[in-house]
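The values are calculated or read from the model by the stated rules, or taken from the named source; none is laboratory data. Since the model is a prediction, treat every value here as computed from it, not as a measurement. Positions of Cβ are generated from backbone atoms using ideal geometry, with glycine treated the same way; all protein chains shown enter the neighbour counts. Ligands, DNA and RNA are stripped out before the accessible areas are found, and what is left, the full protein with its side chains, is counted by its heavy atoms. Shrake-Rupley method; radii C 1.70, N 1.55, O 1.52, S 1.80 Å.
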Amino acid sequence: MATADVQEIAALFGPIHGIAWLFSIFATWRDPRRTIGITVCAAVPGIGGMLALRALQRADERARNQSACADPAHSGWHAAPRGTRGRS
């Protein structure tokens with residue numbers, strides 16, 4: 001990757017980067033799964049938004065796994081009807 005000290009490029013990408021950074025902070029702040037740590041991660045310039053998104057995805061997977069364990073009707077395991085065990 002080449003870098004250049006060109007004022008026009010900096011003038012274009014600086015505000016775009018700043019808006020994307022603010023968007024990641026506000027989007028994380030509005031997410032109901034957020035924690036203080038995830039919000040702090042989002043405030044880190046550069047990679048913070050990606051770290052917060054990754055943490056939110058892991059929180060979503062944990063919640064999905066916990067709900068599957070708590071609801072046996074949707075876990076894929078089905079009990080045999082009464083009186084049919086051992087019969088062919």
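Quick one: in segment 28-38, of everything that is closer than 18 Å to A63 by Cβ and assigned to a helix (DSSP H, G or I), which residue is most open to solvent (accessible area, probe 1.4 Å)?
R30
Please indicate, with yes or no, whether at least one residue in segment 2-24 is in a helix (DSSP H, G or I), at pLDDT 85 or above, in contact with a helix residue (DSSP H, G or I) (Cβ under 7 Å, 6 or more places away or on another chain) and open to solvent by less than 40 Å² (accessible area, probe 1.4 Å).
yes
Could you check how many residues of segment 43-60 are open to solvent by 50 Å² or more (accessible area, probe 1.4 Å), aliphatic (A, V, I, L, M) and in a helix (DSSP H, G or I)?
3
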